[in-house]
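Computed from the coordinates by the stated procedures, all read-outs in this text should not be read as laboratory data. Since the structure is predicted, the reported quantities are computational estimates derived from the model, not experimental observations. Positions of Cβ are backbone-derived with ideal geometry, glycine not excepted, and every protein chain shown enters the neighbour counts.
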């Protein structure tokens with residue numbers, strides 16, 4: 001059972017790779033990017049996915065094992081010093097433009113893979129301490145409003161026209177990026193302002209979560225500017241933007257073309273495993289803390305990453321998340337693969353009951 005916990009420590013090796021990139025020059029600055037975007041997608045083409053689930057006894061043990069939580073806490077606590085290590089490394093006057101691209105790309109991957117993804121996992125926890133860690137993690141990617149819109153907007157509206165994070169059938173990823181970033185941000189403001197109205201407070205109040213997010217993030221950017229200067233602040237903004245695009249690319253592949261049936265005005269059937277694309281490819285599962293078992297996450301958002309299940313009626317991706325993300329960047333190839341799968345789902349809706 002202990003191996004099941006230890007295997008989730010593999011992402012810490014990615015941090016070691018990042019440190020190596022931040023103090024290297026030339027091709028070595030791209031080592032982690034090559035591993036993530038070439039080696040992993042290639043391996044997942046040949047490694048069979050694992051659809052196995054924990055049995056009841058194993059799941060009960062995993063739920064109570066705090067080591068799974070400590071891994072996430074450690075990731076958050078490492079993210080901030082790693083970010084400042086990146087900023088420090090960018091002060092090197094001997095860096096070539098190639099070195100800078102490699103280091104910025106590496107930091108961007110950390111922003112999306114750990115900053116936002118771990119913030120996503122902890123953001124679903126009811127514990128205030130874990131929610132605070134979620135916000136801290138999201139701050140490193142300048143995407144704190146994700147905490148608001150994802151929990152109160154996306155999970156409510158997923159796979160419907162009301163959800164800016166659900167990609168529509170035939171929608172190219174490049175148009176999706178603009179649509180989801182703009183409308184998700186707007187949605188977060190609407191949700192936060194509505195919460196203030198319900199409590200009888202002005203929307204321009206420090207208790208407004210969106211106001212808090214902007215104060216924190218502007219303060220963080222000011223700190224970087226005063227310590228490292230405008231040029232390095234610009235490098236960080238590019239890295240954060242890459243992390244955001246990485247997250248939104250994940251959103252694109254997770255719900256592409258899937259939709260819930262409308263059962264009334266503004267009302268839809270419950271979100272089921274069939275409304276999210278799932279991937280059981282093991283490397284992507286470990287690196288992303290089981291995010292790729294997305295069908296079960298939307299079916300029961302409170303379920304922790306270590307006990308997420310495979311559902312037989314969940315639509316399956318042909319490969320893992322890294323490979324599918326690369327495929328999405330080539331719209332003709334993406335549509336050629338995924339549109340056929342969506343059409344099959346629409347013509348033959350799943351009839352199996354979800355596993356509990």
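Eigenvalues of the alpha-carbon gyration tensor of the chain, scaled by 5 and square-rooted, set the equivalent ellipsoid semi-axes at 31, 25, 21 angstrom, largest first.
Can you give the relative contact order of segment 284-329 as a percent, counting alpha carbon pairs under 8 Å and 6+ residues apart? Don't jump to the answer; show the numbers that get you there.
Values: 31 pairs, mean separation 15.7, N = 46.
Computed value for segment 284-329: 34 percent relative contact order.
Per the helix-only calculation at 222 nm, which mean residue ellipticity applies to the chain, given -39500 (n - 2.57) for every DSSP H run of n ≥ 4 and division by its residues, nearest 500 deg cm²/dmol? After summing the helix terms and dividing by residue count, I get -18000 deg cm²/dmol. For segment 217-332, the orientation-averaged shadow of the C-alpha convex hull comes to 10.7 nm² (one quarter of the hull surface).
When 259, 199, 292 are sorted by how many other C-beta atoms sit within 10 angstrom of their C-beta, beginning with the fewest, the order is 199, 259, 292. Spin-label model, residue 262/residue 194: points 7 Å from Cα along the beta carbon direction are separated by 1.8 nm.
Given in Å, the Rg to one decimal and the Dmax to the nearest whole number for the Cα atoms of segment 117-160 are 10.2, 32. Could you tell me whether segment 1-143 comes out rounded, prolate or oblate from its Cα gyration tensor? Rule is a ≥ b ≥ c as square roots of the eigenvalues, rounded for a/c under 1.5, then prolate if a/b exceeds b/c, otherwise oblate. Note, shape of segment 1-143 comes out oblate.
Contact order for segment 117-217, expressed relative to its length and based on alpha carbon pairs under 8 Å spaced 6+ residues apart, stands at 22 percent.
Of 38, 191, how do they rank once you tally other Cβ atoms within 10 Å and put the fewest first? The partial results should precede the final answer.
Values: 38 13, 191 18.
Listed from fewest to most nearby Cβ atoms, that is 38, 191.
Between residue 94 and residue 27, full extension at 0.36 nm per residue minus the direct alpha carbon distance yields a gain of 22.6 nm. For the pair residue 225 and residue 185, label points projected 7 Å from Cα toward Cβ lie 1.7 nm apart.
Look at 160, 140, 113 and count the other Cβ atoms within 10 Å of each Cβ; fewest to most, that gives 160, 113, 140.
Just so you know, the averaged projected area of the alpha carbon convex hull for segment 38-120 sits at 7.9 nm².
At full extension, residue 9 and residue 206 could sit 67.2 nm farther apart than now, given 0.36 nm per residue minus the alpha carbon distance.
Within 10 Å, count the other beta carbons around each residue, average over each peptide in 313-319, 299-305, 144-150, and list them highest first. Provide the component values of the computation, followed by the final result.
On the way: 313-319: 20.0, 299-305: 16.7, 144-150: 24.3.
Most protected by this proxy first, the peptides run 144-150, 313-319, 299-305.
Using only the C-alpha atoms, the convex hull of segment 92-236 corresponds to 137 Å³ per residue. Applying 1/(1 + (r/R0)^6) with R0 = 35 Å to the Cβ-Cβ distance of residue 20 and residue 216 gives a FRET efficiency near 0.70. Semi-axes of the equivalent ellipsoid of segment 5-82 are 30, 20, 6 Å, computed as sqrt(5λ) over the eigenvalues of the C-alpha gyration tensor in descending order.
Of the listed peptides 126-133, 30-37, what is their order by residue-averaged count of other C-beta atoms within 10 Å, with the highest listed first?
On the way: 126-133: 13.2, 30-37: 17.2.
Answer by packing, highest mean first, reads 30-37, 126-133.
Using the Cβ-Cβ distance between residue 128 and residue 57 with R0 set to 25 Å, the FRET efficiency from 1/(1 + (r/R0)^6) comes to roughly 0.25.
Please give the length that would be gained between residue 156 and residue 84 if that part of the chain were fully extended, namely 0.36 nm times their separation in residues minus their C-alpha to C-alpha distance (nm, one decimal). Full extension of this stretch gives 22.3 nm more.
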